[in-house]
There are 2 protein chains.
Amino acid sequence: MSTAAEPNPRRRPGRPRGGQLLADRDELLAAAIRAIRAHGPDVTMEDLAVEATVSKPILYRTIGDRAALVVALSEWMIDQITTEISAALEGHTEPRTQFEAAVRGYLAAVHANRSLFLFVNAGGQPTDQLRRLVERSAQMMIALFAASPELAGDPVASRTWAYSILGAFEIVTVMWLDDDYCELDTLAADLTRVLWPGIERLDQSPA
Amino acid sequence: MSTAAEPNPRRRPGRPRGGQLLADRDELLAAAIRAIRAHGPDVTMEDLAVEATVSKPILYRTIGDRAALVVALSEWMIDQITTEISAALEGHTEPRTQFEAAVRGYLAAVHANRSLFLFVNAGGQPTDQLRRLVERSAQMMIALFAASPELAGDPVASRTWAYSILGAFEIVTVMWLDDDYCELDTLAADLTRVLWPGIERLDQSPA
DNA sequence: AACACAAATTTACTTCCAGTAACATACGAC
DNA sequence: GTCGTATGTTACTGGAAGTAAATTTGTGTT
């Protein structure tokens, strides 16, 4: 199943010969992604280390603790989602249609990274860093779909908008991934029906 | 701080004298609520047992594991929220105003039960039972604010609506509780601006 | 009254996992 | 060579969830 190196030649301790690290940060993250795909969202740190054919302290020194890993993989997920959304937007110009296409892109990205999404959303309380991530993706969305003169000057309202939209997406997605209760397109259409009317007004009404 | 019984007379093992259980389910839940208020959302099961002046196996036998406790306390929270919403609705008749008042009620209830809310929302993956709870509160909301002929016949769309609204509420609330970034009334107004336009249409548009 | 079984409780354990301390090996500078 | 530093691994600590076994009391039976 895994594309990793040969089994495990049982490395001895000590610095490896040839001045070469045996796994840099990117390799560890890639291994983490593989391991999460294989073991599911409640993978242990040990599993991750094994998949990277590396010992736990290396993992901790290079990436940090579980929370840090979640942050790193969140970034990765956001990139995936962004890519997928960009692709989905191709050929759509009417705003509402664009929005719905973007939702489909989001859902596609998440569905293709099921376990990863659940891993990333497993933690309960948000750290400061995580909050920044949430803001990042939310700001992207809002900027993308409504260059709103209304919200531009109101950071507090912007946050609430961002959180609302992300929250709706997140919970819907968690539930959907849990039992696939409908088609992706149906879900996108319904989600759009809930959120678009509110977003649409951002361009218009002054209050 | 705690209203519990005297310190801890160090019970010996064995069935208590007088044919009386020393804590029934309701007492344990009440103690759990007290303990969560005191210790915060990441309270341990041990803490809960101590607060109830009872040992862990009793707790497990009477209430079940952590997930079961979350379910039980979710029910309790939903009751609190329902009560608060009912109170908040007094004197409002116009639908949008009603909705906003309800949001204020929700926020008030949650704010008054900060740790409890975070405890209940800490778990990542939803169990079957939890999903039923989510449906329960969502259906309440939808039924309350839009007796929609449109959604009545479409259970799939109803679920997505419910999840969206709950998700928006949940994440906004988590973030808000984390740093109180604005006034309750402001938050309620903004949340309403996001969600109301979509909900409003439930009464009207056929698609 | 004595005995046996059921009910209610605690102590003390097992298991699992995150995170870390201590130790081992190799490279580079002098 | 030798000393410090970079890079590893083994093996441990600590804490929390959940459970098995032991302990005491109530209740029914003969």
Problem - Teacher prompt: A:Glu46 distances to equivalent labels in other copies, 7 Å Cα→Cβ, nm - result: 2.1
Completion exercise
For chain B, the dipole about the Cα centre with charges only on Cβ (Lys and Arg +1, Asp and Glu -1), to the nearest 20 debye, works out at 1160 debye
Handout entry: For B:Arg10, label point 7 Å along C-beta direction: distances to other copies, nm
Key = 5.1
Handout entry: Mean ellipticity per residue at 222 nm, deg cm²/dmol - from DSSP H runs of n ≥ 4 across chain B, formula -39500 (n - 2.57)
Key = -22000 deg cm²/dmol
Fill in the blank from the handout: If A:Met140, A:Met77 are placed from fewest to most neighbouring beta carbons inside 10 Å, the sequence is A:Met140, A:Met77
Practice task
Mind giving me the FRET efficiency for B:Tyr60 and A:Glu90? R0 is 56 Å, r the Cβ-Cβ distance, nearest 0.05 is fine.
Solution key: 0.55
Handout entry: 7 Å along Cα→Cβ, label-point gaps from B:Thr186 to other copies, nm, shortest first
Key = 4.1
Handout entry: Calculated from backbone phi, Karplus (6.51, -1.76, 1.60) coupling profile of region B:32-46 in Hz, x at Gly/Pro
Key = 4, 4, 4, 5, 5, 4, 6, 9, x, x, 9, 4, 9, 4, 4
Handout entry: C-alpha center-to-center spacing [region A:155-207, region B:85-100] in angstrom
Key = 24 Å
Handout entry: Extension gain from A:Arg131 to A:Arg201, taking 0.36 nm per residue of separation minus the Cα-Cα distance
Key = 22.6 nm
Exercise for the section: Round to the nearest 0.05 the FRET efficiency obtained for B:His111 and A:Thr44 when R0 = 45 Å and r is the Cβ-Cβ distance. Expected result: 0.80
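Bear in mind these aren't lab numbers, they're just calculated from the coordinates by the rules spelled out. Nothing here was measured: the structure is a model prediction, and the numbers come from that model. Heads up, the Cβs are rebuilt from the backbone with ideal geometry, glycines too, and the neighbour counts pull from every protein chain shown.
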